[in-house]
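Everything below concerns the one structure shown next.
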Amino acid sequence: MALADTTEQNQTEQGTLDRRIWLALMGLYVAQAIPLYLVAAALPPFLRSQGVNLAAIGSFAILMLPWVFKALWAPWIDRLSALPRVGRKGVVLGTQLAVFGSIVALSFLDPLADLSLFFPLLMVMSFAAATQDIATDGYAVEHLPPQKQSGGNAIQSGAVALGVLLGGSGTLILFDLTGWQFALLSAGGLSMLSVVAFLMVPETLGRRHQRQTQDRPHLRRFFAREGAMMIFAFALIFRLPEGLIQALEQSFLVDMGFSLSQIGLISGGSAACVGLFGAVFGMMVINRSGLAAFFVTIVVLRTVIFGLYGYAAAYGLPLEMLVALSFLKTFSRYMEMVGLYTAFMRVASLVQAGTDFTILSSANLFVYMVGSMLAGVLAQSWGFAPVFTLAAILSAFTGFVSLRLFRRSLANEEQ
């Protein structure tokens, strides 16, 4: 047994990784992506087609709150995961059963007659999936050595793409073909099956740090570290301009003459495929050039893309060029996700891996949502072109500031 443990540790130090860990990570991220995109991409158009009013559908945005504020209970999940009888597996299994149970309960409800029961069940599902994400990210940080983290985050981004296809587009197709109940049960079943690979892998396999019950994860522990505020500020501001574009893109395409089916094709399955290539390309750039050079590339690329959106809104572009621009934005966004999550993994402490990573990812998502909420208000007053131009200007400015913060945080880590 001791020899096996030593071999696994040596493999991790040398940068090799057991394929079972890769499969486990893929399954974990797919499992939580399916319910996320079931709520974000499949349920709103389906409920609208059944006559549910827009105000009720719009209130579903509140279901993202557990994903924004999950850092508040992340230390408790790390503490629970350190208990020998629980571990990461216990947390994942418990939260996955809650997700599956919520989906099964939803499948037996009538979308119109039982709408008042939808929100509590969806909130339970969202809370459970967000909590599972804490344990999953903690497992990833604990098992991925630095030279494998970009690959692990490419897998995570690929799982997001699969979540769009399975929980979003695929479920919508099943709604049409088979009806409400079978579509939901299929999504729930796929999500449940996705964690099987993780549950079959010994949790100690390839783990870089042996957790101790006396380790006390805490939010203060992260912020007490030298350089923590710089990497936190980096996470907080980097994606601010992106929300201004993402929230308005589909409405902008409608105004530019695209049909709803064309928009669905652009933002659904096709976007997932483009995003998958973006994630792989992002991993390759990081491995070849490093994170600092990667973020310079992303800032320049997205600033140009946002500026082109501003030009298109002001002066127009052929529909084919708008499709290409949308795909390029998706490509760069998935690249960006790989880079950001790799940066967060690099600075996350192994003592409280889930907590540290979640603090940074929650900050990142929070400011993205702030930008998304401001976008509609600004576009209503100014129009698309000024908002998209503002996004390009903010991209350059926040990119410059955040890159300085990132480099300073790296310098502190190396000291």
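Overview of results
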{"item": "R0 of 25 Å, Cβ-Cβ distance Leu23-Phe277: FRET efficiency to nearest 0.05", "result": "0.70"}
{"item": "Separation of alpha-carbon centers, region 285-310 and region 217-264, rounded to whole Å", "result": "15 Å"}
{"item": "Positive-end residue, region 80-205 charge dipole about Cα centroid, Cβ charges, pick of Phe198, Leu185, Gly167", "result": "Phe198"}
{"item": "Region 156-206 and region 51-80: distance between their alpha carbon centers, rounded to Å", "result": "19 Å"}
{"item": "Fully extended contour minus Cα-Cα distance, from Gln147 to Phe69, at 0.36 nm per residue", "result": "25.1 nm"}
{"item": "Calculated FRET efficiency for the pair Phe182/Val300, C-beta based, R₀ 41 Å, to 0.05", "result": "0.30"}
{"item": "Prolate/oblate/rounded call for region 183-308, Cα gyration tensor, a/c under 1.5 rounded", "result": "oblate"}
{"item": "Calculated FRET efficiency for the pair Phe108/Arg48, C-beta based, R₀ 25 Å, to 0.05", "result": "0.75"}
{"item": "Peptide ranges 221-229, 393-401, 153-161 listed from the most packed, as the mean C-beta count within 10 angstrom indicates", "result": "153-161, 393-401, 221-229"}
{"item": "Accessible-area composition of the chain, carbon plus sulfur, in percent [1.4 Å probe]", "result": "67 percent"}
{"item": "Axial C-alpha extent at least 15 Å, average Kyte-Doolittle at least 0.0 - helices from the chain (DSSP)", "result": "19-37, 87-107, 115-143, 149-163, 180-193, 269-289, 291-315, 319-347, 353-382, 384-414"}
{"item": "Spin-label model distance (nm) - Ala55 vs Gln380, 7 Å beyond Cα toward Cβ", "result": "1.4 nm"}
{"item": "Length added when fully stretched, Asp255-Ala293, from 0.36 nm per residue minus Cα-Cα", "result": "10.0 nm"}
{"item": "Relative packing of 40-50, 164-174, which averages over residues the other C-beta atoms within 10 Å, highest first", "result": "164-174, 40-50"}
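The values are calculated or read from the model by the stated rules, or taken from the named source; none is laboratory data. This is a predicted model, so every value here is computed, not measured. Positions of Cβ are generated from backbone atoms using ideal geometry, with glycine treated the same way; all protein chains shown enter the neighbour counts. To get the accessible areas, we keep the full protein, side chains included, count just its heavy atoms, and leave off ligands, DNA and RNA. Shrake-Rupley method; radii C 1.70, N 1.55, O 1.52, S 1.80 Å.
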